[in-house]
Amino acid sequence: MNLSHAPLRLAIGAFVLNSGISKLTLEGQAAEGLHGMAAGAVPPLRRLDAPTFARLLAGTEIAIGSALLLPVVPSALVGAGLLGLGGGLMRVYWATPGLRRQGSVRPTEPGTAIAKDSWLVGAGLTLILDDLLHRGRRLKRRRHR
């Protein structure tokens, strides 16, 4: 892990880990609401029941959050996890009626809570690109020795 990635990984890792832990106990309407939004954006998720979906999402967030906090996990790998998580949230944002203003990419008041997660996509891409570019520079230096 590049030391410059530490602040980003710590902040996002703690947030995502906490989000996953909070979802471990989701039941009833809360689990159904979460599942309903996700299944509306990704129809194959309808095959899962709401509690199972909530547990899987919780586990995914716990895994990504933990990986971000562990410096031995390569930044490109945790960046890919963030990109997947953020991409899924952006899919929900684009597919769910009422989250965006009519004919616009701008969020409505209810859509802001999901639209703000676009930072996960940006952070994921940043970690991937920086890690790959940094790795490429190290390989070039080794060849020139």
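Observations, loosely collected:
- Only listed residue being assigned to a helix (DSSP H, G or I), at pLDDT below 95 and in contact with an Asp or Glu (Cβ under 8 Å, 6 or more places away or on another chain), chosen from His35, His5: His5
- Subset of segment 64-80 [farther than 11 Å from Met1 by Cβ and surrounded by fewer than 15 Cβ atoms within 10 Å (Cβ to Cβ)]: none
- Reported count of residues in segment 42-51, each being closer than 18 Å to Leu99 by Cα and either in contact with an Asp or Glu (Cβ under 7 Å, 6 or more places away or on another chain) or buried (at least 17 other Cβ atoms within 10 Å of the Cβ) (or both), is 0.
- Residue in segment 92-103 that is at positive phi and loosely packed, with under 15 Cβ neighbours inside 10 Å present: yes
- Check on Ile128, closer than 23 Å to Met1 by Cβ and β-branched (Val, Ile, Thr): yes
- Test set (1) crowded, with 17+ Cβ neighbours inside 10 Å; (2) within 16 Å of Ser118 (Cα to Cα); (3) at pLDDT 95 or above - Ala54 fails condition number: (2)
- Residues located in segment 38-56, provided they are in contact with a helix residue (DSSP H, G or I) (Cβ under 6 Å, 6 or more places away or on another chain) and either of a type in the set (Ser, Thr, Tyr) or under 14 Å from Ser19 (Cβ atoms) (or both): Ala54
- Residues of segment 78-102 classified as within 22 Å of Leu132 (Cβ to Cβ) and either small (Gly, Ala, Ser) or touching a residue at least 60 places away in the same chain (Cβ under 8 Å) (or both), total: 9
- Of the helices (runs of 4 or more DSSP H) that lie entirely inside segment 42-145, those containing 3 or more residues that are more than 16 Å from Ala11 (Cα to Cα), in contact with a Lys or Arg (Cβ under 9 Å, 6 or more places away or on another chain) and not polar (S, T, N, Q) span 50-69, 75-95.
The values are calculated or read from the model by the stated rules, or taken from the named source; none is laboratory data. All figures in this text were calculated on a predicted structure; none of them were measured in a lab. Methodologically, a virtual Cβ is constructed for each residue, glycine included, from the backbone with ideal geometry; neighbour enumeration extends over all protein chains shown.
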